[in-house]
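The values are calculated or read from the model by the stated rules, or taken from the named source; none is laboratory data. Only a predicted model underlies this, so the values are computations on that prediction, with no experimental measurement involved. Glycine also receives a Cβ, built like all others from the backbone with ideal geometry; neighbour counts cover every protein chain displayed. Heavy atoms of the whole protein, side chains included, go into the accessibility calculation; ligands, DNA and RNA do not. Shrake-Rupley method; radii C 1.70, N 1.55, O 1.52, S 1.80 Å.
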Amino acid sequence: MMLRGRGSRVTEEVGVKKAIAALILVAFLACGLAAAEIVVQPGGTLWGGTSVRLSTDLPVLNQQGLSLTWNLGDSSPPQTGLEVEHVYKDPGTYEVRCTMSSGEELTRTLQIQERRTIHVHPVSPQVGEAVQFQAQHFGHSQIRWDFGDGTIQTAGSPVTHTYANPGAVTVKAYDFNGQSTIAVEAGFTVMADIRMIEVTGGPPRAHFPLQFEARNFGAGSLQWNFGDGDSTTGGATIQHVYNNPGTYTVSVQIAGAGNPKTLVVNVAPDPRRVNADSATPGLYETVTLRAEGFSPGNLAWDFGDGETQTAGQQVTHAYSRLGQFQVSVKAAGSSEPPVSIQVQVNQDRRRIQVQPAQVKVGDTANIQATNVEANSVEWQIGDQTLSGRPKTITHRFLDPGNVPVTCRINGQAPLTTQVNVRDHRRIQYAPETVFAGAEVNLHLQNGIGPNVRWEFSDGETRNAGLKLQRPFPRVGMVEVKAFDANGDAKAPVSQRIQVLAENRSLESQYQRHFVGTEVQLEARNFKDNMVEWDFGDGTRRMGSTRMSHKYNAPGNFRVKAVDFRGRDGKSIESQIVVASEQRSIHAPQRIRAGDPVNLELKGVQGGQFQWNLGPAGRKSGIMVHNAAFPSPGRIDVQVMDNTSTYPPFSATLVVQPDNRALKAPKFALPGEEIVLNAENFDGPKVAWDFGDGKQTLQTGTQVSHSFAEKGEFRITARDQAGDSTKLFAGTVRVVELVPGFVLQGMELVFSSGKAYMVVPRKSRPPAYALRLTSSGRGILRGQWKLDDQVMGLFSMVLQDGRVAAPDPQDMPNLPALDVGMHELTVEFTNYRFSGRIPRLRYFVSSGGAILLLSPEVGSKIPASDAAKLAWKPIRQATVYEIAVSEAPFQFLEDRQIEWKAATDHDHHVLDMMIFKDAGWIYWMVRGLNDSGRVLTTSEIGSFRQR
């Protein structure tokens, strides 16, 4: 029992203790809130513009789960947090409220003090002096400044400002870029500027010193600027000289400080002047110097070259050396600054001028000493001295070379030059090549004359004019000298002449000459390429050393040739004998192309002859055998003599086309008499060989013959009674056939299988074929007809049930030259055909065929529809016509083909109702130009009607 009871008391005691602890905790919390305060850091005095940190002194346990809202007592928005930081921009009293999330509120009053100040330097500035303001203890880098004279500026610190008027001034500074409502102020007084600059030393003039005095600047060095680019540091009194007149601004300030004091100085020109009539005189040239603006009296002159002079206001001076000199002048005996001028002596302008500039031997030149003031000088020209002469003289130069010319002037350095006297004289001689014994023309070109002393290397001397004629009899080198100017010239004009031995001659290329034949002449060893020719028949001509000439009559002629274009003093001669032409070429009366002929050169004796027969080749000898000319036409034949006895002989032979032919039938029956034709043979007789052992010499070109036996026989015919070298042959087949056949089928088509085609002009002849079938057998003969003209004959063997065709050699070529429509057909000469003989038509065009587009060949078109026939137009055609037929055009004659105007230039609409049902329809189109001429056609198109 006691144990149990004791245990119960223990349990009760534990419960009581827990309740008491809870009550104590609640009371503790309540007491903590009641004793809480707002904590401010930093402690002590709070300054405007500095950061203030606010928090509470609640225990950490009390702060758990709390949120605090701070109202800082100024216009800033509330902040939240257990601790906040804030800057008060202006001083004053602020009540801070801290509201807890539990509803409790803490308050505290803050006193913000002002410590911001403005430092002003200098304390008492003058008008125009820069004042510096330093903001101290301000909270922001940008400040709104009010300088108290109406000027407001936002800037940092420090800042400067200048005042234009004196008086008391209050400067205000608003912190935080002007957001602060309370201004920090500083007051001071702007003093009036009593500094001044005085000028002494008379009215300001250029070149005269001025004295400047700075007053009321206080002690210390001053910095001066005189406005002319010159500045210095010195005391309150200083001197300065202005070199040029003008308006200058003088400023002075305490060294290292600002706010200079200025003074405008008007510097008048220096009335004194010194002028020279030439600022750049030449050496030894007199210069006139004039002084102006000076008071009357003597002046002290200094010429800058070591010479001085006391004289009036005008003096003269001459410089004897080159350089730059300063001439100065001032009143004699005065201390005033001199006036000066620069004189530049940089060249010796004295010259010797020679006119003309280019002097030739014999010229009289004007020689002048320029820029020389002396009136009498001494001249030396070459080795000739002329004393006491004027500055200008004339002189004639007789000899070439560089001649020195010197002019001496008393007291001055001499002048020298050289005259280059050119020698344009020369001894010209003609002819250019001199042969021994020939007269030579000598000429001293551009000589002075009028007389010349001529000296020759063979010892002869002559006094003559500028021209002289003289022969040189000996071979070798000769020197000729000419002393000009009546022999007074010291240097001669020389010329060396080579005298050659005479070896020139006239040669003829051939030994025999004929009237009308070119005579070939050669002037051998002539020196000039141009020769004057006299052919002895009254003909004179200038030409090369090789000339040809035709003589119109026989005779003896003396030919003369003068070298050097006829200027040689000697002619070279030769005798030419010209005979009448007796040569000829003997040839047959008629020459046919391809027929060998014999040719013979008549009227010659001896010689070795070479024949040029053109297309017949080359042959040699007096007689030519079996010369055959392959083509007809005019053939120029030339015969050359290799021994040069005879000149070339030319003749023209007319070669006629060989249109001879042997015409014979291809087939014959045994015993049938056939006719053989030797077409275009000359005759009068023709030698025949019939190949069956029989021959005949028959007058005329036609013969009849029959063959008794079957076989193939070669028939030959030889023209000109058998004397012709050309043999014509043909073959006849003799077969035994039962006469009687009936043609059952005939086809005449182009190789394409068509009966019509368009052929380009000048193209290859179109190929075609004729095929026949028959019952029975026999020989069929006929002829080809093109445009109703017989083109050739044919014959063929027909056998029962077999297809027969003519020999290709019997089928003539179809020409493609004449633009237009052409028609080919056949006509049988030994058979009457009851059916329609087909025709081949072709159109020769220079522009190509018209291309058919639709309908396609073989297509079917309903009879109830209209058919559109379309084609591709050609460029040249302007009108199109169309032809339509139910029968093939191959079996129609031209009069049966009806051409009508097409509906349009590229198509035609065809009414199908006019045709029979289920039939073939053939059509073609042709193009015409404006004049109605047919240019080309299409090929034949076809389609069926259903």
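Summary of values
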| item | result |
| --- | --- |
| Enumeration of residues in region 355-380 that are of a type in the set (A, V, I, L, M, F, W, C), closer than 25 Å to Arg426 by Cα and outside any loop (DSSP other than H, G, I, E, B) | Val359, Ala365 |
| Gly156, sole failed condition from (1) touching a residue at least 60 places away in the same chain (Cβ under 8 Å); (2) not assigned by the TED database to the domain that holds Ile38; (3) not hydrophobic (A, V, I, L, M, F, W, C) | (1) |
| Restricting region 821-858 to residues that are among the small types (Gly, Ala, Ser) and in a strand (DSSP E or B), the residue that is surrounded by the most Cβ atoms within 10 Å (Cβ to Cβ) | Ser845 |
| Long-range neighbours under 6 Å by Cβ, at least six apart or interchain, first residue at positive phi within region 425-448, second part of a loop (DSSP other than H, G, I, E, B) and open to solvent by 30 Å² or more (accessible area, probe 1.4 Å) | Gly437/Pro473; Asn446/His424 |
| Selected residue (criterion: farthest from Phe526 (Cα to Cα)) from residues of region 431-468 that are open to solvent by less than 50 Å² (accessible area, probe 1.4 Å) and among the polar types (S, T, N, Q) | Gln445 |
| Options Val857, Val884, Val819: the member that is touching a Phe, Trp or Tyr at 6+ places or on another chain (Cβ under 9 Å) and not assigned by the TED database to the domain that holds Gly927 | Val819 |
| Exclusive hit being open to solvent by 30 Å² or more (accessible area, probe 1.4 Å) and in a strand (DSSP E or B), set Asn244, Asn266 | Asn266 |
| Verdict on Ile779 being surrounded by 12 or more Cβ atoms within 10 Å (Cβ to Cβ), in the same structural domain as Tyr922 (by the TED database) and more than 30 Å from Lys916 (Cβ to Cβ) | no |
| Flag for Leu58 being within 18 Å of Glu105 (Cβ to Cβ) and either among the hydrophobic types (A, V, I, L, M, F, W, C) or loosely packed, with under 12 Cβ neighbours inside 10 Å (or both) | yes |
| Of residues in region 469-483 being touching a Leu at 6+ places or on another chain (Cβ under 9 Å) and open to solvent by less than 60 Å² (accessible area, probe 1.4 Å), the one modelled with the lowest pLDDT | Arg470 |
| Candidates Ala135, Ala168, filtered to the one that is in a strand (DSSP E or B), touching a residue at least 40 places away in the same chain (Cβ under 8 Å) and either surrounded by 14 or more Cβ atoms within 10 Å (Cβ to Cβ) or not assigned by the TED database to the domain that holds Asp90 (or both) | Ala135 |
| In region 676-710, the residues that are exposed (fewer than 14 other Cβ atoms within 10 Å of the Cβ) and among the acidic types (Asp, Glu) | Glu679, Glu709 |
| Of the criteria (1) within 30 Å of Phe891 (Cβ to Cβ); (2) free of Cβ contacts under 8 Å to residues at least 60 places away in the same chain; (3) not in a strand (DSSP E or B), which one Ser774 fails | (3) |
| Some residue of region 217-235 being touching a Leu at 6+ places or on another chain (Cβ under 9 Å) and touching a residue at least 40 places away in the same chain (Cβ under 8 Å) | no |
| Every residue from region 283-314 that is open to solvent by less than 30 Å² (accessible area, probe 1.4 Å) and touching a residue at least 24 places away in the same chain (Cβ under 8 Å) | Leu283, Val287, Thr288, Leu289, Ala291, Phe294, Leu299, Trp301, Phe303 |
| Count of region 66-109 residues which are part of a loop (DSSP other than H, G, I, E, B), open to solvent by 40 Å² or more (accessible area, probe 1.4 Å), within 28 Å of Tyr174 (Cα to Cα) and modelled with pLDDT under 90 | 3 |
| Total residues in region 633-654, condition free of Cβ contacts under 8 Å to residues at least 40 places away in the same chain and in contact with a Pro (Cβ under 8 Å, 6 or more places away or on another chain) | 3 |
| Test: residue in region 380-394 that is open to solvent by less than 80 Å² (accessible area, probe 1.4 Å) and either at positive phi or assigned by the TED database to the domain that holds Phe208 (or both) | yes |
| Residue in region 558-567 that is farthest from Asp537 (Cα to Cα), counting only those that are open to solvent by less than 30 Å² (accessible area, probe 1.4 Å) and in a strand (DSSP E or B) | Val562 |
| Check on Asp719, free of Cβ contacts under 8 Å to residues at least 12 places away in the same chain, out of contact with any Pro (no Cβ under 6 Å at 6 or more places or on another chain) and within 29 Å of Leu601 (Cα to Cα) | no |
| Residues of region 920-934 that turn out to be open to solvent by 50 Å² or more (accessible area, probe 1.4 Å) and more than 24 Å from Ser859 (Cβ to Cβ), as a count | 3 |
| Matching residues in region 522-557 - criterion: being among the basic types (Lys, Arg), more than 13 Å from Ser508 (Cβ to Cβ) and assigned to a strand (DSSP E or B) | Arg540, Arg541, Lys550 |
| Filter result for the condition that a residue is of a type outside the set (D, E, K, R), in contact (Cβ under 8 Å) with a residue 24 or more places away in the chain and in the same structural domain as Glu292 (by the TED database), over Val343, Val377 | Val343 |
| Qualifying positions in region 402-430 - within 55 Å of the chain's Cα centre (by Cα), buried (at least 16 other Cβ atoms within 10 Å of the Cβ) and over 18 Å from Leu466 (Cα atoms) | Val403, Val419, Val421 |
| Count - residues of region 722-741 that are of a type in the set (Lys, Arg) and either open to solvent by 80 Å² or more (accessible area, probe 1.4 Å) or without any contact (Cβ under 8 Å) to a residue 40 or more places away in the chain (or both) | 1 |
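Let's see how each residue does on (1) in a loop (DSSP other than H, G, I, E, B); (2) basic (Lys, Arg); (3) at pLDDT 90 or above; (4) over 25 Å from His822 (Cβ atoms):
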| site | (1), (2), (3), (4) |
| --- | --- |
| Arg895 | no, yes, no, no |
| Glu898 | yes, no, yes, no |
| His905 | yes, no, yes, yes |
| Val909 | no, no, yes, yes |
| Met913 | no, no, no, yes |
| Lys916 | yes, yes, no, yes |
| Tyr922 | no, no, yes, no |
| Arg926 | no, yes, yes, no |
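Let's see how each residue does on (1) among the acidic types (Asp, Glu); (2) touching a Gly at 6+ places or on another chain (Cβ under 9 Å); (3) more than 20 Å from Leu398 (Cα to Cα):
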residue: Gln418; (1), (2), (3): no, no, no
residue: Arg426; (1), (2), (3): no, no, no
residue: Gly447; (1), (2), (3): no, yes, no
residue: Phe456; (1), (2), (3): no, no, yes
residue: Thr461; (1), (2), (3): no, no, yes
